[in-house]
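These notes are about the structure you will find just below.
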Amino acid sequence: MSAPQHWGEPVTDDQPNPSDSREQWQRVRGFLNDHRFALTGRLLAESAPHHLVPGAPLLARRHWIPEQPVPLERVRLRWQPDAPSAPVDGGEPELDHVRPHRQDGTTYHHYADAVRDLAKPKLFENRSCYRLLDVDESAAEPTLTFGRGQYFDVINICEAAAHEYAAAVLAGSDRRTPFRTAIGDPTDLARRPVMAATSTLVIRHDRRTGEAEFVLHWRDPGKVASGGGLYQVMPVGMFQASHDAPWNEANDFDLWRSILRELSEELLGDTEDYGSDKAPIDYAAWPLNKTFTAAREAGRLRVFWLGLGMDPLTYVTDMLTVAVFDAELFDETFQRIVSTNDEGRRVVLEDATGRSTGIPFTAEQVDRLTAAEPMQPAGATLLRLAWKHRGALLR
């Protein structure tokens, strides 16, 4: 997909009545969902951000991306429960020019409130999340500090920033983005509350033939609040506890456990209700975890950390991981792999055999998806990094 030459009718700031302001907001929101890929390309073409990953469409400070894949068990997490509030929260007056009005004439103060009333997706809940506070530059191994946050921080800041840019493009004034200016350096983790998702590239590797394929997802904009209308790796999920009950905060504060739950939910279609509203998840007794733990110990499943980065359009943050399954383990575990789920559909190539579970992990497919197809920046970057490090990943 290339950037369209005609973006549609211009949007102006003249909002004579509340209904007009809501219709205008919905039009910009629809335009954003239809053109996320092109808008990102346009933004990067106008001015390359300072913290851009070399050769990839993702923002990251230099120490966020390791030189080589890091086994996931070497990533260290720290907990800071008393982190100070960030100065930017999405309620700033710099967003007034794109805020719609309710029927009584009052303004929607936060973007999530407008999404809830005017464009609510299937999945939309303000759950607690682990807020990314710091990535230690001096540590020998990846070391991340987290505190407490809420999912709607992503909507109120990230989606609002993208909406503002889309409105500016439609109005023919790309530079009129005061909220994005107020955010400043998006990689400054103290400037705004940053919630991170775990984005996992799942690779099926046949050691006998050397062939590999990966799982690809298309995110349905009618089902998700962020990143709809784009291809993405699969699974992806916010780094958060399984339920807001207090005993889950510490029990679920683990990258592997987060990835495990997403594999269960997104690839197998299992429920997100773990009963953790009543008691913490017993991961040691969970059959899927027991299978995967044994496989990791035997080298049949290898999970790696490739870093983290931010979407240039939305500033959404993704932690980039890869899970390489031996073909036999993958086929045994994912016999009932889903074709659709609550966030979109799994993408396969039509190879006339009916056996494909994903996309061939080849230079041709990686180049096609990362250069020519509408793919989320995190997924495109993860694919490029995985291909770059394929020798280490597919041993």
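The values are calculated or read from the model by the stated rules, or taken from the named source; none is laboratory data. Computed from a prediction, not measured in an experiment: that's the story for all the values here. FYI the Cβ positions are ideal-geometry reconstructions off the backbone, even for glycines, and counts take in every protein chain you see.
Quick rundown of the values:
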| item | result |
| --- | --- |
| Residue within the stretch 307-322 that is of a type in the set (V, I, T) and within 30 Å of P287 (Cβ to Cβ) present | yes |
| Within the stretch 202-252, considering residues that are aromatic (F, W, Y) and touching a Gly at 6+ places or on another chain (Cβ under 7 Å), the one nearest to P374 (Cα to Cα) | Y231 |
| Wholly within the stretch 289-378, strands (runs of 3 or more DSSP E) carrying at least 2 residues that are at pLDDT 95 or above, among the aliphatic types (A, V, I, L, M) and surrounded by 15 or more Cβ atoms within 10 Å (Cβ to Cβ) | 301-310, 317-326 |
| Pair list, Cβ < 8 Å and 6+ apart or interchain, from the stretch 32-52 residues that are at pLDDT 95 or above and in a loop (DSSP other than H, G, I, E, B) to residues that are loosely packed, with under 15 Cβ neighbours inside 10 Å and basic (K, R) | none |
| Among (1) closer than 16 Å to L313 by Cβ; (2) more than 19 Å from the chain's Cα centre (by Cα); (3) at pLDDT 95 or above - the single one R191 does not satisfy | (1) |
| Filter pass, N156 being of a type outside the set (D, E) and not in a loop (DSSP other than H, G, I, E, B) | yes |
| Any hit, the stretch 151-158, residues being within 23 Å of W64 (Cα to Cα), modelled with pLDDT of 95 or more and hydroxyl-bearing (S, T, Y) | yes |
| Long-range neighbours under 6 Å by Cβ, at least six apart or interchain, first residue within 17 Å of Y130 (Cα to Cα) within the stretch 187-204, second in a loop (DSSP other than H, G, I, E, B) and hydrophobic (A, V, I, L, M, F, W, C) | R191/V88; R192/A86; R192/V88; P193/A86; A196/F239; T198/F239 |
| Residues of the stretch 206-219 classified as buried (at least 18 other Cβ atoms within 10 Å of the Cβ) and either of a type in the set (V, I, T) or free of Cβ contacts under 8 Å to residues at least 12 places away in the same chain (or both), total | 1 |
| Sole exception among (1) of a type outside the set (S, T, N, Q); (2) within 30 Å of D254 (Cα to Cα); (3) surrounded by 15 or more Cβ atoms within 10 Å (Cβ to Cβ); (4) touching a helix residue (DSSP H, G or I) at 6+ places or on another chain (Cβ under 9 Å) for L77, by number | (3) |
| Count - residues of the stretch 331-344 that are among the hydrophobic types (A, V, I, L, M, F, W, C) and touching an Asp or Glu at 6+ places or on another chain (Cβ under 9 Å) | 1 |
| Odd one out for Q240, checked against (1) over 17 Å from I155 (Cβ atoms); (2) within 19 Å of the chain's Cα centre (by Cα); (3) of a type in the set (S, T, N, Q) | (1) |
| Residue count for the stretch 220-263, restricted to those that are of a type in the set (F, W, Y) and surrounded by 21 or more Cβ atoms within 10 Å (Cβ to Cβ) | 2 |
| Residues that are assigned to a helix (DSSP H, G or I) and under 26 Å from S339 (Cα atoms), drawn from the stretch 266-288 | E266, L267, P287, L288 |
| Test set (1) of a type outside the set (G, A, S); (2) assigned to a loop (DSSP other than H, G, I, E, B); (3) closer than 22 Å to T198 by Cβ - D134 fails condition number | (2) |
| Residue satisfying all of: in the stretch 86-116; assigned to a helix (DSSP H, G or I) and without any contact (Cβ under 8 Å) to a residue 12 or more places away in the chain; farthest from Q26 (Cα to Cα) among these | P93 |
| Residue that is surrounded by the most Cβ atoms within 10 Å (Cβ to Cβ), among those in the stretch 137-153 that are assigned to a loop (DSSP other than H, G, I, E, B) and over 17 Å from the mean Cα position of the chain (by Cα) | P142 |
| Qualifying residues in the stretch 241-265 (those that are assigned to a loop (DSSP other than H, G, I, E, B), among the charged types (D, E, K, R) and in contact (Cβ under 8 Å) with a residue 40 or more places away in the chain) - the one farthest from F146 (Cα to Cα) | D244 |
| Residue within the stretch 84-105 that is of a type in the set (K, R) and under 30 Å from G344 (Cα atoms) present | yes |
| Among (1) in a loop (DSSP other than H, G, I, E, B); (2) of a type in the set (S, T, Y); (3) at pLDDT 95 or above, the one test that S199 misses | (1) |
